[in-house]
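Any read-out appearing in this document is the output of simple, stated calculations on the displayed coordinates, not a laboratory observation. Worth saying up front: this structure is predicted, and the values here are computed from it rather than measured. Every residue, glycine as well, gets a Cβ built from its backbone with ideal geometry; the counts of neighbours run over all protein chains shown.
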Amino acid sequence: MRPNAILRKLVVVLLGCFVMSSAVSAAEGEGMLTLRDSIDLALKQSVIIHAAREGVTGAEASRKEAFTGFLPKLSTSYNYTRLNEAPTFLFPGIPPALPRTVTTGTRDNYTWALEARQPIFAGGGILANYEASSFGVSAAQMEERGIVLDIIQGVKVAYFNVIKAEKLLVVARQSVKQLEAHRDMAQGFFDVGMIPRNDLLHAEVQLANGRQFLFRSENSLELARAKLNTLLRRTIDAPVKVEDIFAYKPFEKSPGDCQKIALENRPEIRAYSMKVEQAKKIVSQTKSEFFPNVALVGNYSRFGDTPGVSGNEFKDQESWYLMAVANWNFWEWGRTKNRVDVSKSRENQIAYVLANIKDMIILEVKNADLLMREAEQQILVSRKAIEQAEENFRITQERYKEQVTTSSDVLDAQILLTRAKSDYTNAIGDYHISHANLERAMGVEQELASWVQ
């Protein structure tokens with residue numbers, strides 16, 4: 001085979017591979033985006049979660065720092081001192097010896113010391129500080145859990161808004177088709193002189209209104225998709241194809257059960273409960289200043305007149321000592337008492353905030369529950385209304401074909417049908433959104449398990 005033919009075949013193969021790769025990429029881009037996939041993607045991409053996890057990491061580091069208070073502290077020092085003259089001592093002498101000056105040291109002095117200090121008693125302050133830091137870790141974890149719930153709620157609301165917008169767009173397109181069919185029918189009747197021009201103009205005006213409704217529905221869908229893409233941190237104009245999960249399932253929990261679950265599971269309540277406990281420990285830590293601090297100190301030192309601290313003729317090369325030290329600031333003009341009062345006020349403040357949060361959560365659950373049950377009733381009513389509106393439209397249209405009713409009657413029937421379908425779509429969409437809001441209000445979400453540390 002000639003080289004040119006081989007080259008042509010190679011180019012064809014490469015082009016084929018490129019086309020197949022492009023087709024695969026396009027297929028992947030048009031894949032179905034499930035609610036589970038959306039939540040997973042949002043949780044992976046969210047910078048807010050990363051920020052919350054940094055908060056947990058910082059709280060954990062503070063807890064580890066507080067634990068070091070139980071452990072001995074090691075320190076070392078090295079110093080050099082040069083005197084203006086060597087230390088001397090005037091020896092008075094004993095007759096017949098004469099008084100004389102005796103050198104007792106060197107001008108150059110080097111000292112290296114190693115010290116260990118172990119706390120023995122600190123009035124419970126070290127333990128209280130460690131326990132306060134541990135509660136801080138738990139509070140940070142609960143705050144992270146709350147952020148995860150917020151993101152899941154946001155994704156659910158955006159996801160259901162996309163489905164609702166898609167279904168409303170279908171309703172708008174069906175409405176335009178029906179209005180176009182009626183306009184064409186009215187045009188035919190007008191052409192043969194069976195209806196006045198007024199009826200034809202009325203049909204055309206309603207068709208224009210229907211097209212405007214269609215345009216608004218298209219824009220609403222684009223905005224809903226953009227919102228979902230933003231939450232998932234995708235390109236704002238990325239194609240969105242969601243799974244239709246608008247099936248209606250009755251909610252079985254009572255309002256009392258929802259409130260009880262919320263009080264047990266809401267991360268905000270648990271976070272502030274941890275902060276109350278943390279504040280109590282800070283009060284205990286502050287009270288520890290009323291007591292003395294006792295520590296065991298061990299010191300090892302080396303001396304010399306050279307940098308090697310190898311001793312000299314006047315002083316031993318090394319020495320060590322072990323001692324117990326007690327420090328007690330027993331009078332500071334009420335400073336410690338005032339600090340304790342500040343800590344107690346902070347504890348009371350957080351306790352009041354916690355009580356208010358519980359009240360607000362009960363109200364939030366009540367509101368979400370009422371909105372969901374309202375949407376549930378609206379689903380049942382609008383479902384029946386669609387059946388009646390469809391039958392009304394069918395009968396009115398048949399009567400119009402026989403010219404026993406007016407064009408306005410047909411248009412009114414068509415508007416009623418469009419409104420009934422729109423009401424049903426809005427109701428079932430609001431039901432799912434209210435259910436997502438109620439789950440957030442109760443602080444429960446099964447998708448949470450794999451995301452909380």
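Observations, loosely collected:
- Considering only chymotrypsin sites (Phe, Trp or Tyr not before Pro) in DSSP loops that have at most 16 other Cβ atoms within 10 Å, the longest stretch of the chain without any of them is 1-245.
- Only lysines eight or more places from residue 280 in sequence, or on another chain, were considered; those with a Cα closer than 18 Å are 337, 344.
- Filtered GluC sites (Glu not before Pro), segment 250-331: DSSP coil and at most 13 other beta carbons within 10 Å: 252, 313
- Estimated purely from DSSP H runs of n ≥ 4, each contributing -39500 (n - 2.57), the mean residue ellipticity at 222 nm for the chain is -24000 deg cm²/dmol once divided by its residues.
- Tensor-based shape of the chain (alpha-carbon gyration tensor, a/c under 1.5 rounded, otherwise prolate or oblate): prolate
- Cβ-based net charge around residue 141, under 10 Å, with every Lys or Arg adding one and every Asp or Glu removing one: 0
- When peptides 197-203, 382-388 are ranked by their average number of other Cβ atoms within 10 Å per residue, the highest-first order is 197-203, 382-388.
- On Cα atoms only, tilt of 267-287 relative to the major axis of the chain in degrees: 20
- Rounded tilt (10° steps) of 47-67 against the dominant C-alpha axis of the chain: 20
- For segment 229-331: rounded, prolate or oblate by the Cα gyration tensor [a/c cutoff 1.5]: oblate
- Charge sum, other residues only, whose C-beta stays under 10 Å from residue 420's C-beta, Lys/Arg counted +1 and Asp/Glu -1: +1
- Summing Lys and Arg as +1 and Asp and Glu as -1 over all other residues whose Cβ lies under 14 Å from the Cβ of residue 86 gives a net charge of -1.
- Counting only alpha carbon atoms, the long axis of helix 407-442 and the longest principal axis of the chain meet at about 20°.
- Here the extension length gained between residue 335 and residue 316 equals 2.3 nm, from 0.36 nm per residue of separation less the Cα-Cα distance.
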